[in-house]
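Report on the following structure.
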């Protein structure tokens with residue numbers, strides 16, 4: 001950047017150049033010791049691999065596989081409770097902009113494979129789902145209150161999975177119903 005050129009005109013010219021080359025870009029402004037201002041351009045190419053999500057500051061692919069069960073592993077997730085639980089989980093995911101890849105409920109546990117933004121910690125995802133579903137289900141189905149002190153155990157299992165294993169995990173979760 002020439003010393004006499006205003007920073008704003010340089011940024012504008014640089015941004016136009018990047019946009020004409022790539023069609024779409026994210027501009028990040030940063031400092032460097034050797035220059036007054038350095039402009040980094042991260043192009044979000046149209047050839048981004050399937051499943052990746054981009055925001056202003058990152059490109060990510062975060063899939064979580066959660067498994068949790070009712071207190072004492074009681075077989076309470078049946079008939080109306082099961083269908084209502086699935087609705088609550090889907091509503092919670094939609095409210096938080098999470099994508100459910102696979103959801104299976106068994107009488108004594110739940111499998112959830114979900115895609116979420118990396119700014120949300122996995123413990124917050126499961127806390128929202130378990131907290132909301134417990135509150136609603138125990139209010140709508142009084143038998144759950146009489147059979148269990150709380151609907152869910154405090155524990156849960158989760159793992160992260162990348163793009164390669166997404167289909168494998170989805171197939172595994174869906175096959176759990178037939179076991």
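Using Cβ counts within 10 Å as a stand-in for footprinting exposure, how do 105, 143 rank, fewest first?
Numbers: 105 19, 143 10.
Arranged by neighbour count, lowest to highest, 105, 143 become 143, 105.
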If neighbour count is taken as other Cβ atoms inside 10 Å, put 120, 67, 110 in order from fewest to most.
120, 67, 110
Quote the relative contact order of the stretch 74-179 in percent (integer), defining contacts as alpha-carbon pairs under 8 Å separated by 6+ residues.
29 percent
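Would you work out if the stretch 59-178 is rounded, prolate or oblate? Take a ≥ b ≥ c from the square roots of the eigenvalues of the alpha-carbon gyration tensor; rounded if a/c is under 1.5, else prolate when a/b is larger than b/c, oblate otherwise. Intermediate results must be reported in sequence, preceding the final value.
On the way: a/c = 2.04, a/b = 1.58, b/c = 1.29.
In terms of gyration-tensor shape, prolate.
Each value in this text was obtained by applying a stated rule to the coordinates, not by laboratory testing. The model shown is predicted, which means the values in this text are computed figures rather than measured ones. Counting neighbours? That spans all protein chains shown, and the Cβs are built from the backbone with ideal geometry, glycine included.
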